[in-house]
Amino acid sequence: MSSDPNIVSAAPGPSETAGLKRQPRVIRISEADRHVGELVEVQGWLYNLRKSGKIVFPIIRDGSGLMQCVAVKNNLPEEIFDTLKNLTQESSFTVTGTIRAESRAIGGFELDVTDAKLVQRVAEDQPYPITPKDHGVDFLMDHRHLWLRSRRQHAAVRVRHEVVKGIRDYFDSHGFTLVDTPIFTPAACEGTTTLFEVDYFGDEKVYLTQSGQLYNEANAMAFGKVYCFGPTFRAEKSKTRRHLTEFWMVEPEMAYADLEEVKRVAEDLVVYLVGRVLENRQEELKVLERDMSKLETVRAPFPRMSYDEAVKILQSKGSEIEWGGDFGNADETLLTQDFDRPVMVDHYPAHIKAFYFQPDEQRSELALGVDVIAPEGYGEIIGGGQRIHDLALLEQRLAEHDLPREAFEWYLDLRRFGTVPHGGFGMGVERFVAWMCGLEHVRETIPYPRMLYRTRP
RNA sequence: UCCUCAGUAGCUCAAUGGUAGAGCAUUCGGCUGUUAACCGAAGGGUUGUAGGUUCGAAUCCUACCUGAGGAGCCA
């Protein structure tokens, strides 16, 4: 007997007597293996239907999986057989029958039908738009609310769930406290990227956050080790397979941490998450046809190199990059192609990083920042580093970047009242999930993607 | 913002200046083990929009609209 807390329906208990009508237990398809030989009820939607005269094979989808049902005309009341025979795609219905292992059927189990109830039949003059054949991305995105019922989308969303849960479990079990940062913010966190402006009761302009980092620094001084995890907004007119205007980012921040500690945590987190996805989401990766051998090699230590070294490697591989420039996507792919795991690049030129990066002691033109670049062309999944802890230096950087001093007074306070070296990073969930799933585009890693030219549905 | 490509049936595509077609989906009929089942039939079109060239335009030209891929920027 299962103790799955998800089962809310009344199940036949030990007090059931022979005189009572037997109520079949409602199960989810994902747990079919534990109910072989039992009479059960499945509640779901029609995924596909094949019929051959006096026998029909409806495949029911219940959100947890797919199961083929077998209904034979001669063994059923005519009304029930006709109900199943006339089901249209995505019609909702419940079906009762006995579970049997069947290697020919999708999922490995089959239901021999004894009863069925129609809940709502999809009208044939307005059939379900997503047929079992091919569709284009534009059409599917217009029907995203229905597309999520498809197997591949289902798999991607489940991998995302695993990654999100893994992120929380990792930080929760390593002494971090979740301290949420605001989504409405009064000014730019970094001053570089474009922000979405929001009218705030007419008399004040606020912006949707592009990073929780500045608040994270305050929180780290309060709690030692913190993380924030929520949606982030970038009004950049980026139109590539790696960009969304609304995406999720986890940002840990640690007091008394230097660049090396930031790198250690970033590496440890990535290794943990990859291992967890491989362990718990194999079925989903199979649906996505992900080459799992490409993930199994992701172990510590990751290759580490300085920006200087990275530029030399790129130049030797034919890139036209020059010292001082930022890496393009082609550069990132070149840089990782000889490795079977992510690559860490640190000590970037300060002028291509945000104002708050701590400079290197020996070479002040370098910033103590690190990027983690995923293999297979998935690009930068983590960016972070050590922050400036000295008040005078931070004041100088604000001035150099023409940032409004008064808006940052609270941030400067952190350097006035017990400042310590500290650092952290941000990891983009969608890019990470796209890498795990082997997806071409990050738009399939979030249920309702928001992109340059798409805000619907 | 820039560059490239694409818009034809509900969907995916064909028709390369000369009568707009196929598969899937839908409807009707057939089939007791199908695996995107199959077999037969039917309905379904102002070829993204506006203009132009031509005897004749889905096809050539111009503008616009919509989308995709990429660049820059970033996670």
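The values are calculated or read from the model by the stated rules, or taken from the named source; none is laboratory data. In this text, all values refer to a predicted model and were calculated from it rather than measured experimentally. When we count neighbours, we look across all protein chains shown, and the Cβ atoms used for this are built from the backbone with ideal geometry, even at glycine. Heavy atoms of the whole protein, side chains included, go into the accessibility calculation; ligands, DNA and RNA do not. Shrake-Rupley method; radii C 1.70, N 1.55, O 1.52, S 1.80 Å.
Checking the structure you have, find out if any residue of segment A:327-335 is in contact with a strand residue (DSSP E or B) (Cβ under 8 Å, 6 or more places away or on another chain), of a type in the set (D, E, K, R) and not in a loop (DSSP other than H, G, I, E, B).
Yes, segment A:327-335 has at least one match.
Under 8 Å between Cβ atoms, which residue pairs at least 6 apart in sequence (or on different chains) link something in segment A:316-335 that is of a type outside the set (A, V, I, L, M, F, W, C) with a partner that is open to solvent by 70 Å² or more (accessible area, probe 1.4 Å) and near RNA strand B (Cβ under 7 Å from one of its atoms)?
Close Cβ pairs satisfying both conditions: A:319/A:330.
Just give me the residues in segment A:37-47 being within 13 Å of RNA strand B (Cβ to nearest atom) and open to solvent by less than 50 Å² (accessible area, probe 1.4 Å), in sequence order. If you could, list the steps in order and put the result at the bottom.
First pass over segment A:37-47, keeping only residues within 13 Å of RNA strand B (Cβ to nearest atom): A:46-47.
Once the filter is applied, which keeps residues that are within 13 Å of RNA strand B (Cβ to nearest atom) and open to solvent by less than 50 Å² (accessible area, probe 1.4 Å), segment A:37-47 yields only A:46.
What residue, of A:94, A:131, is of a type outside the set (Gly, Ala, Ser), at pLDDT 90 or above and outside any helix (DSSP H, G or I)? Give the steps one after another, and end with the answer.
Working: A:131 fails: at pLDDT 90 or above.
Just a single option satisfies the conditions, and that option is A:94.
Taking only segment A:112-127 into account, find how many residues are within 10 Å of RNA strand B (Cβ to nearest atom) and assigned to a strand (DSSP E or B).
Final tally of qualifying residues: 1.
Any idea which residue in segment A:413-457 is modelled with the highest pLDDT, counting only those that are surrounded by fewer than 16 Cβ atoms within 10 Å (Cβ to Cβ) and within 11 Å of RNA strand B (Cβ to nearest atom)? Spell out how you get there, then give the answer.
Taking segment A:413-457 and keeping what is surrounded by fewer than 16 Cβ atoms within 10 Å (Cβ to Cβ), we get A:413, A:416-418, A:420, A:440, A:447-448, A:450, A:452-453, A:455-457.
Next, only the ones that are within 11 Å of RNA strand B (Cβ to nearest atom) stay: A:440, A:450, A:452-453, A:455-456.
On the way: A:440: 87, A:450: 92, A:452: 84, A:453: 81, A:455: 84, A:456: 80.
Per the stated criteria, the residue is A:450.
Suppose we filter segment A:311-322 for residues that are open to solvent by 90 Å² or more (accessible area, probe 1.4 Å), at pLDDT 90 or above and under 14 Å from residue A:349 (Cβ atoms); how many remain?
Here the count works out to 0.
Checking residue A:84 against (1) crowded, with 19+ Cβ neighbours inside 10 Å; (2) in a strand (DSSP E or B): exactly one of these is not met. Which one?
Of (1) crowded, with 19+ Cβ neighbours inside 10 Å; (2) in a strand (DSSP E or B), only one is false for residue A:84: (2).
Regarding segment A:380-389, can at least one residue be identified that is of a type in the set (Asp, Glu), within 26 Å of the chain's Cα centre (by Cα), open to solvent by 20 Å² or more (accessible area, probe 1.4 Å) and within 9 Å of RNA strand B (Cβ to nearest atom)? I'd like the intermediate steps shown before the answer.
So in segment A:380-389, the residues of a type in the set (Asp, Glu) come out as A:380.
Remaining after also requiring within 26 Å of the chain's Cα centre (by Cα): A:380.
With open to solvent by 20 Å² or more (accessible area, probe 1.4 Å) added as a condition, the list becomes A:380.
Right, trim to within 9 Å of RNA strand B (Cβ to nearest atom) and you get A:380.
Within segment A:380-389 (the criterion being of a type in the set (Asp, Glu), within 26 Å of the chain's Cα centre (by Cα), open to solvent by 20 Å² or more (accessible area, probe 1.4 Å) and within 9 Å of RNA strand B (Cβ to nearest atom)), the answer is yes, since at least one residue qualifies.
Any residue in segment A:354-362 that is without any contact (Cβ under 8 Å) to a residue 40 or more places away in the chain, assigned to a loop (DSSP other than H, G, I, E, B), closer than 30 Å to residue A:313 by Cβ and among the acidic types (Asp, Glu)? Steps first, please.
From segment A:354-362, those without any contact (Cβ under 8 Å) to a residue 40 or more places away in the chain are A:357, A:359-362; that's our starting set.
Okay, now just the ones that are also assigned to a loop (DSSP other than H, G, I, E, B), so A:360-362.
Then drop every residue that is not closer than 30 Å to residue A:313 by Cβ, which leaves A:360-362.
Now narrow it down to the ones that are among the acidic types (Asp, Glu): A:360-361.
Checked against the condition, which is being without any contact (Cβ under 8 Å) to a residue 40 or more places away in the chain, assigned to a loop (DSSP other than H, G, I, E, B), closer than 30 Å to residue A:313 by Cβ and among the acidic types (Asp, Glu), segment A:354-362 yields at least one hit.
Residue A:308 versus (1) over 31 Å from the mean Cα position of the chain (by Cα); (2) more than 13 Å from RNA strand B (Cβ to nearest atom); (3) open to solvent by less than 20 Å² (accessible area, probe 1.4 Å): which is the lone unmet condition?
All conditions pass for residue A:308, except number (3).
Name the single residue, out of those in segment A:323-339 being among the aromatic types (Phe, Trp, Tyr) and within 15 Å of RNA strand B (Cβ to nearest atom), that is surrounded by the most Cβ atoms within 10 Å (Cβ to Cβ). Step through it out loud before you land on a result.
Within segment A:323-339, the subset among the aromatic types (Phe, Trp, Tyr) is A:323, A:327, A:339.
Then keep just the ones that are within 15 Å of RNA strand B (Cβ to nearest atom); that gives A:323, A:327.
Values: A:323: 10, A:327: 23.
The extreme case among them is A:327.
Would you call residue A:296 exposed (fewer than 14 other Cβ atoms within 10 Å of the Cβ) and in the same structural domain as residue A:366 (by TED's automatic domain parsing)?
Working: exposed (fewer than 14 other Cβ atoms within 10 Å of the Cβ): yes; in the same structural domain as residue A:366 (by TED's automatic domain parsing): yes.
The answer is yes for residue A:296.
Can you name the residue in segment A:389-416 that is of a type in the set (Asp, Glu) and outside any helix (DSSP H, G or I) and is also farthest from residue A:257 (Cα to Cα) among such residues?
Start the filter on segment A:389-416 by keeping residues that are of a type in the set (Asp, Glu), which leaves A:390, A:395, A:400, A:402, A:406, A:409, A:413.
Then keep just the ones that are outside any helix (DSSP H, G or I); that gives A:390, A:402.
On the way: A:390: 15, A:402: 28 Å.
Here the answer is A:402.
Any residue at all in segment A:203-215 that is outside any helix (DSSP H, G or I), over 29 Å from residue A:416 (Cα atoms) and not basic (Lys, Arg)? Working first, answer last.
Taking segment A:203-215 and keeping what is outside any helix (DSSP H, G or I), we get A:203-212.
Next cut, over 29 Å from residue A:416 (Cα atoms) only: A:203.
Narrowing further to those that are not basic (Lys, Arg): A:203.
Scanning segment A:203-215, I find at least one residue that is outside any helix (DSSP H, G or I), over 29 Å from residue A:416 (Cα atoms) and not basic (Lys, Arg), so the answer is yes.
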